[in-house]
1. Give the range 53-75 a look and list any residue that's surrounded by fewer than 15 Cβ atoms within 10 Å (Cβ to Cβ), assigned to a helix (DSSP H, G or I) and touching a residue at least 60 places away in the same chain (Cβ under 8 Å), or say none.
2. What residue, among those in the range 28-37 that are over 14 Å from residue 104 (Cβ atoms) and out of contact with any strand residue (DSSP E or B) (no Cβ under 6 Å at 6 or more places or on another chain), is surrounded by the fewest Cβ atoms within 10 Å (Cβ to Cβ)?
3. Quick check on my filter: what residues within the range 300-316 are under 17 Å from residue 163 (Cα atoms) and crowded, with 18+ Cβ neighbours inside 10 Å?
4. Give me a count of the residues in the range 9-23 that are touching a strand residue (DSSP E or B) at 6+ places or on another chain (Cβ under 6 Å) and at pLDDT below 95.
5. Within the range 24-52, how many residues turn out to be part of a loop (DSSP other than H, G, I, E, B), more than 30 Å from residue 280 (Cβ to Cβ) and at pLDDT 95 or above?
6. If the requirement is being over 19 Å from residue 120 (Cβ atoms) and in contact with a helix residue (DSSP H, G or I) (Cβ under 7 Å, 6 or more places away or on another chain), which of these qualifies: 242, 266?
7. Would you confirm, using the coordinates I've provided, whether residue 150 is surrounded by 13 or more Cβ atoms within 10 Å (Cβ to Cβ), at pLDDT 95 or above and either not in a helix (DSSP H, G or I) or not assigned by TED's automatic domain parsing to the domain that holds residue 76 (or both)?
8. Looking at 292, 265, can you tell me which residue is surrounded by 15 or more Cβ atoms within 10 Å (Cβ to Cβ) and at pLDDT 95 or above?
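The values are calculated or read from the model by the stated rules, or taken from the named source; none is laboratory data. Quantities reported herein were computed from a predicted structural model and do not represent experimental measurements. Because the Cβ atoms are built from the backbone with ideal geometry, glycine has one as well, and the counts that use them run over all protein chains shown.
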């Protein structure tokens with residue numbers, strides 16, 4: 001069982017291989033750790049077959065019901081012939097448990113990073129996102145929550161203040177700036193009143209793999225309810241790129257251009273949430289190694305300055 005101090009301490013190679021065996025696959029002993037901080041993800045060799053990808057969920061982050069909603073959404077998208085990597089269904093189940101860890105198995109799908117400067121590629125992804133959102137609009141998540149200020153700013157701020165990483169001398173400024181950002185962003189959302197649909201939620205270039213047959217989307221671990229523009233802005237390195245995405249998107253689905261006024265608020269929400277994500281994972285040995293700057297007072301002081309600048313941009 002994982003410990004509170006090091007959540008993956010007992011997730012040994014043998015545990016990973018035994019879990020895959022327990023799900024009905026004969027492994028060949030080959031194991032490759034894939035890049036992931038939130039969860040632990042491995043490519044596992046299968047005797048006489050194609051390798052599988054085993055994803056071990058971070059303990060206590062999502063409920064079983066929330067993970068199953070993620071899986072159901074991925075399967076619904078795959079059923080609609082969209083290029084989304086969905087979990088394997090084994091005896092009617094997609095979520096399994098072994099050694100105190102919950103996990104899912106996926107087919108391995110390779111690919112390269114997308115070329116986000118290519119208008120043709122962006123239009124292609126825009127068309128696919130429109131179709132994904134068409135499916136996402138059919139129903140609602142009930143367990144996975146929404147992209148909102150309560151989660152991405154207010155709760156995030158509480159987590160940072162409780163983490164012990166933020167210097168005491170910066171606490172008042174941090175609290176005041178996150179409170180002001182939450183209030184201003186709430187007002188922006190209220191003025192636009194965007195439709196909220198089921199989203200990929202973390203749709204950046206690292207979660208898109210490109211092959212000769214085109215792109216496919218991976219990792220719905222951050223799927224939530226939210227405005228459609230959330231799945232567009234992170235793929236667009238420039239205003240021209242966002243235009244190209246929208247050109248493709250609008251071939252298949254209408255887009256409310258008022259949502260473009262949410263891009264900056266969503267960017268700020270991600271900024272606040274990312275800092276809290278690192279702070280709340282600091283007990284995981286992988287995080288201090290990967291993000292050593294978050295252990296330094298000057299990084300948090302700069303973060304507070306960045307939030308002041310973000311508030312200024314929002315109010316311009």
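1. 65
2. Looking at the filtered set, the residue picked out is 35.
3. Those that are under 17 Å from residue 163 (Cα atoms) and crowded, with 18+ Cβ neighbours inside 10 Å: 300, 303, 304.
4. Counting residues in the range 9-23 that are touching a strand residue (DSSP E or B) at 6+ places or on another chain (Cβ under 6 Å) and at pLDDT below 95 gives 0.
5. Initially, the range 24-52 is screened for residues part of a loop (DSSP other than H, G, I, E, B), giving 24-26, 35-39, 47-48.
Narrowing further to those that are more than 30 Å from residue 280 (Cβ to Cβ): 24-26, 47-48.
Checking which are at pLDDT 95 or above leaves us with 24-26, 47.
Total satisfying the criteria: 4.
6. Values: 242 fails: over 19 Å from residue 120 (Cβ atoms).
Among 242, 266, only 266 is over 19 Å from residue 120 (Cβ atoms) and in contact with a helix residue (DSSP H, G or I) (Cβ under 7 Å, 6 or more places away or on another chain).
7. No, not satisfied.
8. The conditions single out 265.
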